Amino acid sequence: MADQKDKWNRGLDLFIESVLKPDPKLRNCAHNQECFNELMEVRQKILEHLESMRLHD
């Protein structure tokens, strides 16, 4: 049986997957607006923050 920590971490993992999943429309918009590198920098910072939210024993 999963405890609350495990449920939190599984939910977090799913959210991280959604951030990692390529979004061609969004990336195309970023290229058109000449901010693709900035978008990827924000993405990386968000992923780092999400990892810091993981619950440990």
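Pairwise Cα distances in the chain exceed 15 Å for 57 percent of all pairs. If the cut-off is 19 Å between C-alpha atoms, which lysines fall inside it for Lys45, apart from same-chain ones fewer than 8 positions away? Here the lysines satisfying the reach criterion relative to Lys45 are Lys21.
For Met1 and Lys21, a Förster radius of 22 Å and the Cβ-Cβ distance give a FRET efficiency of 0.15, rounded to the nearest 0.05.
Axis angle, to the nearest 10 degrees, between helix 4-20 and the longest C-alpha principal axis of the chain: 10 degrees.
We did not get these values from a lab; they are worked out from the coordinates using the rules stated. Remember, predicted model here, so these are calculated numbers, not experimental data. Neighbour counts are summed over all protein chains in view; Cβ atoms, including those assigned to glycine, are modelled from backbone coordinates with ideal geometry.
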